[in-house]
Amino acid sequence: KLREAAQRDARVAALADGRTGLAVDFGAAPGGWTEYLSDQGLGAVAIDPGAVDAKIAQRPNVATLRMDVAESLESGALDAAARALGKGDHVRALVCDMNCHVDISLRLLGDLAAHLGEGRRRGCVVVLTVKLVHRGHNAWLKLEHEVLAKLKAMGVQDHRCYHLLSNRRHEKTIIGSFPAWG
């Protein structure tokens, strides 16, 4: 999905520009999105209680945290993993393709964004897969409106909603970014 998202959205494509930085993939197992981010040269931190594929986890620019997001923040494991990767402390992407209700993904995104602060997430691209739990076009429009409002309240701007070819019938991918300033 991230590869396809890069073909549709310039912000995701720009992750391959050769600049250093970090990406955080929360809900990362089995690691497909982490692999894509690693391929772009970013230091990729994969957070998930489940296992990331060993071939991906062994890459030199990948750090895996086999825990939930809250534990990674409370224990300092996220910051330690980021330092160990040696790619600086600027997070260029926060991504999530977790199979859960979108409210959970949004809460975790908010926790990560608050932890990082404005400086570390400046210009950060946000990519979320939203699973529609209720069927029907009107249900999707309502959910999309709610999600975009919550992202805006978090400071994520310039939202785009895509139904990628790799999305299932009842899911879409939302891409936005935190402000790039200074």
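The values are calculated or read from the model by the stated rules, or taken from the named source; none is laboratory data. The model shown is predicted, which means the values in this text are computed figures rather than measured ones. In this analysis, Cβ positions are derived from the backbone assuming ideal geometry, glycine residues included, and neighbour counts consider all displayed protein chains.
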Arg92 versus (1) under 26 Å from Gly43 (Cα atoms); (2) surrounded by fewer than 17 Cβ atoms within 10 Å (Cβ to Cβ); (3) basic (Lys, Arg): which is the lone unmet condition? (2)
Run Glu144 past the list (1) part of a helix (DSSP H, G or I); (2) acidic (Asp, Glu); (3) touching a residue at least 12 places away in the same chain (Cβ under 8 Å); (4) closer than 29 Å to Asn61 by Cα and report the number of the one that doesn't hold. (4)
What number of residues within the stretch 147-156 are of a type in the set (Val, Ile, Thr) and either part of a helix (DSSP H, G or I) or farther than 17 Å from Ser105 by Cβ (or both)? 1
Checking the conditions here, which among Asp68, Asp48 is touching a Pro at 6+ places or on another chain (Cβ under 6 Å), closer than 20 Å to Leu128 by Cβ and not β-branched (Val, Ile, Thr)? Asp68
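Let's see how each residue does on (1) surrounded by fewer than 23 Cβ atoms within 10 Å (Cβ to Cβ); (2) under 15 Å from the mean Cα position of the chain (by Cα); (3) part of a loop (DSSP other than H, G, I, E, B):
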position	(1), (2), (3)
Ala23	no, yes, no
Pro30	yes, yes, yes
Gly50	yes, no, yes
Lys55	yes, no, no
For Ala77, which of the numbered conditions (1) surrounded by fewer than 17 Cβ atoms within 10 Å (Cβ to Cβ); (2) over 17 Å from the mean Cα position of the chain (by Cα); (3) modelled with pLDDT of 95 or more fails to hold? (1)
Count of residues meeting criterion [of a type outside the set (Ser, Thr, Tyr) and outside any strand (DSSP E or B)] in the stretch 38-48: 5
Counted residues in the stretch 157-182 being free of Cβ contacts under 8 Å to residues at least 40 places away in the same chain and in a loop (DSSP other than H, G, I, E, B) come to 4
Any residue that is assigned to a helix (DSSP H, G or I), touching a residue at least 60 places away in the same chain (Cβ under 8 Å) and either charged (D, E, K, R) or more than 23 Å from Gln157 (Cα to Cα) (or both) - is there at least one of those in the stretch 112-129? yes
So which of Glu35, Glu71 ends up being in contact (Cβ under 8 Å) with a residue 12 or more places away in the chain, of a type in the set (Asp, Glu) and in a helix (DSSP H, G or I)? Glu35
Regarding Ala149, is this residue on the phi < 0 side of the Ramachandran plot and either surrounded by fewer than 16 Cβ atoms within 10 Å (Cβ to Cβ) or modelled with pLDDT under 95 (or both)? yes
So which residues in the stretch 99-119 are surrounded by fewer than 20 Cβ atoms within 10 Å (Cβ to Cβ) and either closer than 16 Å to Leu15 by Cβ or not basic (Lys, Arg) (or both)? Asn99, Cys100, His101, Asp103, Ile104, Gly110, Asp111, Ala114, His115, Gly117, Glu118, Gly119
